[in-house]
1. Just to confirm a number: summing +1 for Lys and Arg and -1 for Asp and Glu over residues other than A62 whose beta-carbon lies under 13 angstrom from that of A62, what do you get?
2. Of V26, G44, V103, which is farthest towards the positive pole of the chain's charge dipole, taken about the Cα centre with +1 and -1 on the beta-carbons of Lys, Arg and Asp, Glu respectively?
3. Want the number for Q31 to A12: 0.36 nm per residue separation, take away the alpha-carbon distance, what's left?
4. So what is the relative contact order of region 1-89, in percent, for Cα pairs below 8 Å that sit 6 or more residues apart?
5. Between region 1-42 and region 67-142, what is the separation of their alpha carbon centroids in Å?
6. Around G8, with a cut-off of 11 angstrom between Cβ atoms, what is the net charge of the other residues, counting Lys and Arg +1 and Asp and Glu -1?
7. Using +1 at the C-beta of Lys and Arg and -1 at the C-beta of Asp and Glu, which of F114, S184, F199 has the Cα lying farthest in the positive direction of the dipole of region 91-214?
8. What nm value, rounded to one decimal, do you get for the distance between I2 and N43 when each label is placed 7 Å out toward the C-beta?
Amino acid sequence: MIYHTGFGPYSAAVGDFNNDHILDIVITESQDNIVSVLVGYGNGYLGKQSAYSTGSHPYFLALSDFNKDTRLDIVAGNYNDKTISILLGFGNFNNERLMDIGVANSGANNVGIFLGYGNSLFTSQMVFSGDSTPYSIAVGDFNRDDILDLVVASYASNNIGVFLGYGKGSLLRQKTFVTGGSNSQSISIAVADFSNDNFLDIVMTNYGENTVGV
């Protein structure tokens, strides 16, 4: 089934935005500078999209309850104006049970963390140096210390970097792992336990080699 969107649909996420216990879809439309929500009917069909304005060229997005009202909110990273947009309706890096936001700043070759106050407001960005052109991030507890860590796919460096967290909103210097050949260009990343050994694994898409690596 195909549903028409605006120009430049770039990334998608799923969640229950209207609290009807049925999954909905949200997408970024990078050329229109909006995110759109398509409400699910529970039978495989979706309703007409509702559009919400963002900054310039929203690419990636994430979902969480940033203001603790039990409703999902949306955060989108805006590529052109180097901002994030929060639409009230990502990981807890400092162990205060408040939602924080992590971003990959591809133009500045670093990653940033905004610590949340629990009322949809956030601290100024804390920046941690990375490799060339970090493109996407994921979070997980990689060393099983009950503190979230961060992994980033670096497009121009052909590697991924793991930043271990130590619970105060700070990250240790990254450890890098090669993702493929000299032109792998890792562009997207996710984490899960694929081998059922209770350790998180990492999967990345290698745009330059047309492969997926685990």
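Only the coordinates and a few stated rules stand behind these numbers; no lab work does. Everything numeric here is computed off the predicted structure, so don't read it as measured data. Glycine gets a Cβ as well: all are built from the backbone with ideal geometry, and neighbour counts include every protein chain shown.
1. On the way: positive: none; negative: D65, D73, D100.
Summing Lys/Arg as +1 and Asp/Glu as -1 gives -3.
2. Farthest towards the positive end: V103.
3. Difference between extended and current length: 5.4 nm.
4. Reported relative contact order: 22 percent.
5. Taking the Cα centre of region 67-142 as reference, the centre of region 1-42 is 20 Å away.
6. Here the count lands on -2.
7. F114
8. 2.3 nm
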